[in-house]
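I have placed the structure first, in the form of structure tokens, so that the comments after it can refer back to it.
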Amino acid sequence: MDAQVKKQVLRKLTYGLYVATAKQGDQAAAATVNWLSQASFQPPLVMMAVKADSGLHALLSQGATVAVNILGADQKGMAETFFRPTQLEGNTLNGVPFTPGETGAPLLQGVPASFEAKVVHSYAGGDHTVFVMEVVAVHLYDPEAKVLEMWDTGWFYGG
């Protein structure tokens with residue numbers, strides 16, 4: 001397989017950008033993710049690929065619930081904030097304020113929408129693990145907001 005063609009083809013898949021957050025006890029993790037998709041209507045399931053060597057992966061593997069914070073089209077800077085290791089200080093993650101959701105997962109302030117989920121399955125493979133998660137709470141703050149998509153940032157993750 002031609003490596004350059006493979007990159008070009010796989011980068012044509014469309015993705016949104018999200019910040020996934022988890023907190024368990026005094027440990028917290030947050031990461032910008034984009035390999036996420038709905039997988040079932042009933043029950044409401046999503047699947048998300050998470051780097052196997054990340055703090056988020058460690059917490060999800062230990063049973064932490066997760067909040068997926070959906071970024072608005074103007075929140076590229078927030079996405080960049082979560083490329084770095086997670087710093088929990090009071091009720092902020094990497095300087096971004098949050099409130100605990102119904103499950104305790106951190107809901108970032110200022111995003112158009114978010115949902116909370118619990119892991120129901122995980123599938124290890126390659127350098128990421130796919131977590132299948134059941135959505136247990138949803139939050140809609142700005143129903144008219146356009147969401148941030150990978151293509152709009154000029155960034156590439158994949159291929």
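Structure data summary
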| read-out | value |
| --- | --- |
| Hits in the stretch 119-133 (condition: surrounded by 16 or more Cβ atoms within 10 Å (Cβ to Cβ) and of a type outside the set (S, T, N, Q)) | Val119, His128, Val130, Phe131, Val132, Met133 |
| Given (1) within 17 Å of Phe83 (Cα to Cα); (2) in contact with a His (Cβ under 7 Å, 6 or more places away or on another chain), index of the condition Leu148 fails | (2) |
| Meets criteria (farther than 14 Å from Val119 by Cβ, open to solvent by less than 80 Å² (accessible area, probe 1.4 Å), of a type in the set (Lys, Arg) and touching a helix residue (DSSP H, G or I) at 6+ places or on another chain (Cβ under 8 Å)) for Lys23 | yes |
| Extreme residue, surrounded by the fewest Cβ atoms within 10 Å (Cβ to Cβ), among residues of the stretch 140-159 that are under 28 Å from Gly63 (Cα atoms) and over 15 Å from the mean Cα position of the chain (by Cα) | Leu140 |
| Looking only at the stretch 97-139, and only at residues there that are acidic (Asp, Glu) and more than 15 Å from the chain's Cα centre (by Cα), the one that is nearest to Met78 (Cα to Cα) | Glu102 |
| Among residues of the stretch 73-91, those that are under 18 Å from Gln27 (Cα atoms), among the hydrophobic types (A, V, I, L, M, F, W, C) and under 14 Å from the mean Cα position of the chain (by Cα), counted | 2 |
| For Ala28: the one exception among (1) closer than 12 Å to Met133 by Cα; (2) at pLDDT 95 or above | (1) |
| Any hit, the stretch 8-16, residues being part of a strand (DSSP E or B), β-branched (Val, Ile, Thr) and either out of contact with any helix residue (DSSP H, G or I) (no Cβ under 9 Å at 6 or more places or on another chain) or within 18 Å of His121 (Cα to Cα) (or both) | no |
| Residue within the stretch 98-105 that is open to solvent by less than 20 Å² (accessible area, probe 1.4 Å) and of a type in the set (Ser, Thr, Tyr) present | no |
| Strands (runs of 3 or more DSSP E) (entirely within the stretch 41-106) containing at least 1 residues that are more than 24 Å from Tyr15 (Cα to Cα) and among the β-branched types (Val, Ile, Thr) | 96-100 |
| Close pairs (6 angstrom Cβ cut-off, 6 or more residues apart or separate chains): in contact (Cβ under 8 Å) with a residue 12 or more places away in the chain in the stretch 46-57, charged (D, E, K, R) anywhere | Ala52/Asp127 |
| Restricting the stretch 33-47 to residues that are open to solvent by less than 30 Å² (accessible area, probe 1.4 Å) and more than 18 Å from Ala137 (Cβ to Cβ), the residue that is nearest to the chain's Cα centre (by Cα) | Val33 |
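The values are calculated or read from the model by the stated rules, or taken from the named source; none is laboratory data. The shown structure was predicted, so the numbers you read here are calculated from the model rather than taken from an experiment. Methodologically, a virtual Cβ is constructed for each residue, glycine included, from the backbone with ideal geometry; neighbour enumeration extends over all protein chains shown. What goes into the accessible areas is simple: the full protein's heavy atoms, side chains included, and nothing from ligands, DNA or RNA. Shrake-Rupley method; radii C 1.70, N 1.55, O 1.52, S 1.80 Å.
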